[in-house]
Amino acid sequence: MTRVSSHSAPQFAAARAVWQNLGLPGLIDVHTHFMPPNVLRKVRNHFDALGGLWPLTYRGNEDECLALLRGFGVRHFTALSYPHRPDMAAWLNGWAGGFADRTPDCLRSATFYPEPDAHDYVSAALQAGARVFKAHLQVGGYDPRDPLLSDVWGTLADSGTPVVVHCGSGPEPGRFTGPGPFAEVLGEHPRLTAVIAHAGAPEYTAFLDLAERYDRVHLDTTMVFTDFAEARAPFPSDALPRLADLHDRVLLGTDFPNIPYHYPEQLHALAGLGLSPDWLRAVLHGNAARLFGL
Ligand SMILES: [Zn+2]
């Protein structure tokens, strides 16, 4: 704890200045990762194996990461995890449920994979109070149109529960990433409350199309507009007015703690867009507060 607070004071001050200047009570971050320690170790090993391409800034344990988020002024956040194979999602959901029970500022999070019992454990997670789901098409390597997921999407749409979907082709494409497959899911389930992770990077404009077409499709800001992302998948500046117009459906997300820069960089990147203070207030807090009833 001491280590976190003494080394992090400047970051806390930088993050707090952003929301305090806007008159907000704090931040809501819809895209953060907490997962079982052995899974987190594997995720960190994955980034480390990229040979310095993705140097992780935050490597603390669960308590240290929680202290950091709270220090930045994040009032509510998620614990997104995702399976890369069958027979894993229900176990992840069990862990995430325990985490939410001991972490009242975390929105109870869950996930799924195309497998025969998916609808059963998704229903059970909803019964247990899950408020947000995560689907990762690149890591999972699955087709979101898989018939084994049809009832899952349908149940999430009916319940109005947001699902953060990593369906863009960044940082690496997968067999089923890109706007095409997920657009078909939305065609089948037009009332689905989908939150497109990373604003669909790098296929930003195609996912803006979907958000403009389906009024329950949201975009999260995870990594978007940071120097790191702009160097790899720049957001097209001529699409910025479209993002401004979607002011009620853009949500702060960050990927904390798996980021190669300090947390306030995401906030500064959004504040530096030159969009209105009302837009920023909605993105950093208001939209998620409304979506999750916080
Ligand atoms: Zn993420």
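Here, each number is a calculation from the coordinates, and none is a lab measurement. Everything numeric here is computed off the predicted structure, so don't read it as measured data. No Cβ is skipped: glycine too gets one built from the backbone with ideal geometry, and neighbour counts run over all protein chains shown.
Let a ≥ b ≥ c be the square roots of the eigenvalues of the Cα gyration tensor of the stretch 192-294; is it rounded (a/c under 1.5), or, if not, prolate (a/b larger than b/c) or oblate? The partial results should precede the final answer.
On the way: a/c = 1.41, a/b = 1.18, b/c = 1.20.
Rounded, since a/c falls under 1.5.
What size of dipole, in debye to the nearest 20, comes out for the stretch 6-292 about its Cα centre when the only charges are +1 on Lys and Arg C-beta atoms and -1 on Asp and Glu C-beta atoms? Write out the running numbers ahead of the final one.
Details: 22 positive and 31 negative charges, 124 e Å.
Dipole of the stretch 6-292, to the nearest 20 debye: 600 debye.
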*asked:* Using the Cα centre of the stretch 149-242 as the reference point, and only Cβ charges (+1 on K/R, -1 on D/E), how large is the resulting charge dipole? Debye, rounded to the nearest 20.
replied: 40 debye
*Hey, what's the Kirkwood Rh for the stretch 1-101 if you take every pair of different alpha carbons, in angstrom?*
15.3 Å
_What percentages make up the Cα-Cα pair-distance distribution of the chain when the bins are 5 Å wide from 0?_
1, 6, 13, 18, 20, 19, 14, 8, 2, 0, 0
*Label-to-label distance, nm, for residues given as Asp245 and His7 (7 Å Cα→Cβ offset)*: 4.6 nm
*For Asn61 and Glu184, FRET efficiency with R0 = 35 Å and r from the beta-carbon atoms, rounded to 0.05?*
0.30
*Over the stretch 53-175, what is the relative contact order in whole percent, taking alpha-carbon pairs under 8 Å and six or more residues apart?*
23 percent
*In what sequence do His31, His262 fall when counting other Cβ within 10 Å, fewest first?*
His262, His31
*When only C-alpha pairs under 8 Å and at least 6 residues apart count, what is the relative contact order of the chain, in percent?*
20 percent
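Is it possible to state the helix-based mean residue ellipticity at 222 nm for the chain, with each DSSP H run of 4+ residues giving -39500 (n - 2.57), the sum divided by total residues, to the nearest 500 deg cm²/dmol? What is it? Could the numbers behind the result be given before it?
Details: 14 runs with 135 residues, N = 294.
Calculated from helices alone, the mean residue ellipticity at 222 nm is -13500 deg cm²/dmol.
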